[in-house]
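Notes follow the structure.
The values are calculated or read from the model by the stated rules, or taken from the named source; none is laboratory data. Owing to the predicted nature of the structure, the values given are computational and were not obtained by experimental measurement. So basically every Cβ, Gly included, is an ideal-geometry build from the backbone, and we count neighbours across all protein chains shown.
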Amino acid sequence: MIIICFFLLLQAQQPEGAKYYVYLGEIGELQIKVSIWGEIKSPGLYSIPEGMDLATFLTLAGGLLKGADMSGIKVVRSFPEAKVFSVNLSKFFKTGRREDVPVLNPGDMIYIKGNFYSRIKEFTHFLTETTFLIGAYYGIYRLIRGE
């Protein structure tokens, strides 16, 4: 019983592996590889058509999660020169101007940080796991003492 509870807890904490997605575009269409992490529905490495912008890519990756901060999306670009910049998609959705949304380059890495809701969700998840562990240890203690 105790071993099963411990195994289930360990299994619940195992992160999912990296995923790789391929967008099947038109015949002869050049594909580039970009990766995305953070508060996105389907994080991973993607093969996408050259010339795709960030907003379209986020849609392809399943969209932002409820805890996503749209005002501070980080893009790490290594080609043609290394640089890191932030994109404010909130501004794009207010103005509708595509000039505010960058076109992705090969090798771009996108990170979508969490907002306050995301941090609260992580904290409550931590509290739930901690409470479960304390309860399991207390149960083991009572079994050992014969109560």
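A few comments on the model shown:
- Here is the figure for region 96-123: residues that are of a type outside the set (A, V, I, L, M) and modelled with pLDDT of 90 or more total 7.
- Filtered residues of region 96-128 (kept if small (Gly, Ala, Ser) and part of a loop (DSSP other than H, G, I, E, B)): Gly96, Gly107
- Scanning region 31-88 for residues that are loosely packed, with under 15 Cβ neighbours inside 10 Å, touching a residue at least 60 places away in the same chain (Cβ under 8 Å) and in a loop (DSSP other than H, G, I, E, B) turns up nothing.
- Among residues of region 129-147 that are in a helix (DSSP H, G or I), those with a beta-carbon under 8 Å from a residue that is among the β-branched types (Val, Ile, Thr) at least six positions away or on a different chain give the pairs Ala136/Ile2; Gly139/Ile2; Ile140/Ile2; Leu143/Ile2.
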